[in-house]
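Q: Below: one structure in structure tokens.
Just so you know, all these numbers are worked out from the coordinates, no wet-lab data involved. Computed from a prediction, not measured in an experiment: that's the story for all the values here. FYI the Cβ positions are ideal-geometry reconstructions off the backbone, even for glycines, and counts take in every protein chain you see.
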Amino acid sequence: MDSHSLPTPVGRVAALSVLALTACSLSLVSIVPAGTAIGAVPSPSGQPAVVATPQEESAKLEQCVTSVVQAERSATFAGEMTAIANTAHMAMRVDVQERLPGEALFHTLSAPGLGVWRSSDPKVKVYKYLKQVTNLSAPAVYRGLVRFRWLNAKGHVIKHAERLTARCAQPAAPPSRAPGALEGPPSSASLPVTG
């Protein structure tokens, strides 16, 4: 027999089994309607139910200013949240975290105005909050930890979340910096924005 011979009867059965399994798999794939998300459950109308909900909160590094002068170094962190069902008002808290060279982990900074819950006015649908921190040390890396709370009319938390922002890297000051110059602690400014 040459290399193009027909398979043995056992080989033919195995080949037919593989073809049958492939055909069954393809028919199962065709049962799911196009555009259905993985894990979506069809609703009674036959349309796929929405599985993912839009994100109701976000946190980002709005601005990172580097400078050889400590007083000019700053980072601005922004948080935004959207009201959900039964929300009477929303609250946000921005903690600023710092990691110095040689440190493996970030640590939370303490300064006036940091780590304080700020509440929206009642019935606000979108709450935005900015926190600017100035007088940053260098070299160091900073990030914001933004916490969110949705509260009902009785003041009970109905949902909470937290997000980290991108990092703001403050490079080392150039060697021409004045020897013996002292660096002070960071300071902060709050800029609440409601919409």
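Q: Listing THR134, THR165, THR108 from the residue with the fewest other Cβ atoms within 10 Å to the one with the most, what is the order? Provide the component values of the computation, followed by the final result.
A: Details: THR134 17, THR165 24, THR108 11.
Ascending Cβ contact count within 10 Å gives the list THR108, THR134, THR165.
Q: Also, quick follow-up: Sort all Cα-Cα distances of segment 83-140 into consecutive 10 angstrom bins from zero, then give the percent of pairs in each bin up to the one containing the longest distance.
A: 19, 37, 25, 15, 4
Q: If you don't mind, there's one more thing I want to ask. How high is the relative contact order of segment 90-158, in percent, with contacts defined as C-alpha pairs under 8 Å that are six or more residues apart? Don't skip to the answer; put the middle values down first.
A: Values: 92 pairs, mean separation 32.4, N = 69.
The value is 47 percent.
Q: I would also like to ask the following. Normalising by the residue count of segment 85-128, find the relative contact order in percent from Cα pairs under 8 Å and 6+ residues apart.
A: Values: 50 pairs, mean separation 21.4, N = 44.
For segment 85-128, the relative contact order is 49 percent.
Q: Give me PHE148, PHE106, PHE77 ranked fewest to most by other Cβ atoms within 10 Å of their Cβ, as a rough exposure proxy.
A: Working: PHE148 23, PHE106 18, PHE77 28.
Ordered by Cβ neighbours within 10 Å, fewest first: PHE106, PHE148, PHE77.
Q: Would you be so kind as to identify which of TRP117, LEU145, LEU100 lies farthest towards the positive end of the dipole of segment 93-158, taking Lys and Arg as +1 and Asp and Glu as -1 on Cβ and the Cα centre as origin?
A: TRP117
Q: Taking the number of other C-beta atoms within 10 Å as the exposure measure, put VAL126, VAL141 in order starting with the fewest.
A: VAL126, VAL141
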